[in-house]
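The values are calculated or read from the model by the stated rules, or taken from the named source; none is laboratory data. In this text, all values refer to a predicted model and were calculated from it rather than measured experimentally. Cβ placement follows ideal geometry from the backbone for every residue including glycine, while neighbour counts extend to all protein chains displayed. For the accessible areas, the whole protein counts, side chains as well, though only heavy atoms, and no ligand, DNA or RNA atoms are used. Shrake-Rupley method; radii C 1.70, N 1.55, O 1.52, S 1.80 Å.
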Amino acid sequence: MTNLPEKKDPRELRASDSDRDRVAAILREAAGDGRLSLDELDERLSAVYVAKTYADLEPITHDLPDSAASAPSPVPSGGAAYGFGGTPTSKLGIGILGGFSRKGPWGVPRKFTSVAVMGGGELDLRDARFTEREVTIRAFALMGGVHIILPEDAEVHVTGIGIMGGFDHQAIGPGAHGAPRIHVKGFAFWGGVSAERKASKSRQKQLKAERRREQGELE
């Protein structure tokens, strides 16, 4: 019998780039009010951008007024404006001695099945159009692999099982209000199914530009 993974402490969930940006904004405001010196601001900003979890971010603003209300919580805020509806583009992805890919503005159905047999597949949902808010991804890997990239503000549930293989559960976590609810199921036998939250490419470019601007201001 396969042991199911223990439920994670929400504070140990991975923080997103938008979470780190919100903490950085709190610090800059505190420095503007004279609560932090420039050296303290620089030191704390450095800690922000290497923080990996919500637990890492919490101490950075613990001594600032209203920081508990302003700092990120384990439930992401400000979800993307998803317009559910439309027609699914594809309901099945098969990679047998080869590969498949679904990315860009493709239409995600209520249920999508992916199969990789001695091959691989990639599902990128960051820029996808969701036909319904509740989505189930069934991933099966036999001596192959399936990689799933999820929107960073989605609510994610993973219940897949790895048998002499791996089924990644690290993406499990709550989502923002109005964001998709995604269930990842299936199994991996002598193979692997991985799932990760990641910002869209346009969001990544925006964050990089903001960080360059912040570094220029500090200099």
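Of note:
- Of the peptides 115-128, 43-56, the ranking by mean beta-carbon count within 10 Å, highest at the top, reads 115-128, 43-56.
- Long-range amide H partners of THR131 with built H, under 5 Å: GLY85, VAL108
- Once the Cβ-Cβ distance of LYS111 and ALA55 is raised to the sixth power relative to R0 = 30 Å, the FRET efficiency obtained is 0.30.
- Coupling constants for the range 17-33 follow from the phi torsions by the Karplus curve (6.51 cos²θ - 1.76 cosθ + 1.60, θ = phi - 60°), and in residue order they are 4, 5, 4, 5, 5, 5, 5, 4, 5, 4, 5, 5, 5, 5, 5, x, 7 Hz; glycine and proline get x.
- Accessible surface, the range 77-158, averaged per residue in Å² (probe 1.4 Å): 44 Å²
- A simple packing score, the average count of other Cβ atoms within 10 Å per residue, orders the peptides 15-24, 29-38 as 15-24, 29-38, with the highest score first.
- Amide proton proximity set for GLY99, modelled H, under 5 Å, gap of 5+: GLY120
- Segment HIS183..GLU29, full-extension length gain: 51.6 nm, with 0.36 nm per residue of separation and the alpha-carbon distance subtracted.
- Packing here is the average count of other Cβ atoms within 10 Å per residue, and on that basis the peptides 98-104, 174-180, highest first, run 174-180, 98-104.
- Scattering curve values for the range 114-175, log₁₀ I(q)/I(0), Debye with Cα scatterers, q = 0.26, 0.27 Å⁻¹: -1.27, -1.33
- Members of LYS111/LYS185; LYS91/LYS185; LYS91/LYS198; LYS103/LYS198 lying beyond 18 Å, as alpha-carbon distances in this model show: LYS91/LYS198
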